[in-house]
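Shown next, in structure tokens, is the structure this report addresses.
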Amino acid sequence: MSCHFCEILENSPYQLYRDELATILLDYDPISKGHILIIPNQHYLDLDEMPQRVINHVFKLAKVYVGLLKKAYQPKGYSMMQNGGVFNDVGHFHLHVFPRFSKEEFGWTYMEEVEPAATKYAELKELFGKDLALAIKK
């Protein structure tokens, strides 16, 4: 069985960051501006299959990104979501991280003004790319 994420990880046009353990991509169907996916580079379906060092790294990336989201967009909050087992529709572990600006957004709902990620990629890469790499190295 081929894995879509394994195929696109290295060559995605929506890549914000990549290191030896994980990649951060803009979500191609974002819930809000700044919605990203943190994906281990090695193939794992579920959290319990991942080595602890990969789990730690994924959540380190999430922590750094949340800090950058707060500075860039001043959201009222943020959400992180990960589906496992048969509910993981792409068959590769991925953690969603996205800002929330109102209580109404708490469910898996889309803001009306969200544009496809491709139209905002350069802006988000500029906003987060350099700061993300620097913050992760700390």
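The values are calculated or read from the model by the stated rules, or taken from the named source; none is laboratory data. Please read all numbers here as calculations on a predicted model, not as lab measurements. Ideal geometry is used to build each Cβ from the backbone, glycine not excepted, and the neighbour counts take in all protein chains shown.
Could you please let me know if Tyr121 is at pLDDT below 80, surrounded by 10 or more Cβ atoms within 10 Å (Cβ to Cβ) and touching an Asp or Glu at 6+ places or on another chain (Cβ under 9 Å)?
On the way: at pLDDT below 80: yes; surrounded by 10 or more Cβ atoms within 10 Å (Cβ to Cβ): yes; touching an Asp or Glu at 6+ places or on another chain (Cβ under 9 Å): no.
For Tyr121, the condition - at pLDDT below 80, surrounded by 10 or more Cβ atoms within 10 Å (Cβ to Cβ) and touching an Asp or Glu at 6+ places or on another chain (Cβ under 9 Å) - is not met.
I'd like the full set of residues that are of a type in the set (A, V, I, L, M, F, W, C) and assigned to a helix (DSSP H, G or I), limited to the stretch 39-50.
Going residue by residue through the stretch 39-50, those that are of a type in the set (A, V, I, L, M, F, W, C) are 39, 45, 47, 50.
Residue satisfying the conditions is Leu47 alone.
Please work out which one of (1) out of contact with any Asp or Glu (no Cβ under 9 Å at 6 or more places or on another chain); (2) basic (Lys, Arg); (3) part of a loop (DSSP other than H, G, I, E, B) is the condition Arg53 fails and give its number.
Every listed condition holds for Arg53 apart from (3).
Restricting attention to the stretch 11-43, which residues are more than 14 Å from the chain's Cα centre (by Cα) and either free of Cβ contacts under 8 Å to residues at least 12 places away in the same chain or crowded, with 20+ Cβ neighbours inside 10 Å (or both)?
The answer is Asn11, and nothing else.
For Tyr78, state whether it is of a type in the set (Phe, Trp, Tyr), over 17 Å from Ile136 (Cβ atoms) and at pLDDT 90 or above.
yes
Can you name the number of the only condition in (1) in contact with a Gly (Cβ under 8 Å, 6 or more places away or on another chain); (2) more than 20 Å from Ser2 (Cα to Cα) that Asp46 fails?
The number of the failed condition is (2).
When only residues in the stretch 71-100 that are touching a residue at least 60 places away in the same chain (Cβ under 8 Å), in contact with a Gly (Cβ under 9 Å, 6 or more places away or on another chain) and farther than 14 Å from Leu25 by Cα count, which is surrounded by the most Cβ atoms within 10 Å (Cβ to Cβ)?
Result: Pro99.
Just one of Phe93, Phe59 is at pLDDT 90 or above, assigned to a helix (DSSP H, G or I) and either within 23 Å of Glu123 (Cβ to Cβ) or of a type in the set (Phe, Trp, Tyr) (or both); which is it? Let's see the steps before the verdict.
Numbers: Phe93 fails: assigned to a helix (DSSP H, G or I).
Result of the check over Phe93, Phe59: Phe59.
Please tell me if Tyr17 is hydroxyl-bearing (Ser, Thr, Tyr), in contact with a strand residue (DSSP E or B) (Cβ under 7 Å, 6 or more places away or on another chain) and under 18 Å from Ala122 (Cα atoms).
Yes: the conditions hold for Tyr17.
Ser12 passes all but one of (1) touching a strand residue (DSSP E or B) at 6+ places or on another chain (Cβ under 8 Å); (2) assigned to a helix (DSSP H, G or I); (3) under 19 Å from Gly91 (Cβ atoms); which number fails?
(2)
What number of residues within the stretch 1-10 are surrounded by 16 or more Cβ atoms within 10 Å (Cβ to Cβ) and touching a residue at least 40 places away in the same chain (Cβ under 8 Å)? Step through it out loud before you land on a result.
So in the stretch 1-10, the residues surrounded by 16 or more Cβ atoms within 10 Å (Cβ to Cβ) come out as 5, 8-9.
If we keep only those that are touching a residue at least 40 places away in the same chain (Cβ under 8 Å) too, we end up with 5.
Selection size over the stretch 1-10: 1.
Tally up the residues in the stretch 46-70 that are in contact (Cβ under 8 Å) with a residue 40 or more places away in the chain and more than 15 Å from the chain's Cα centre (by Cα), please.
4
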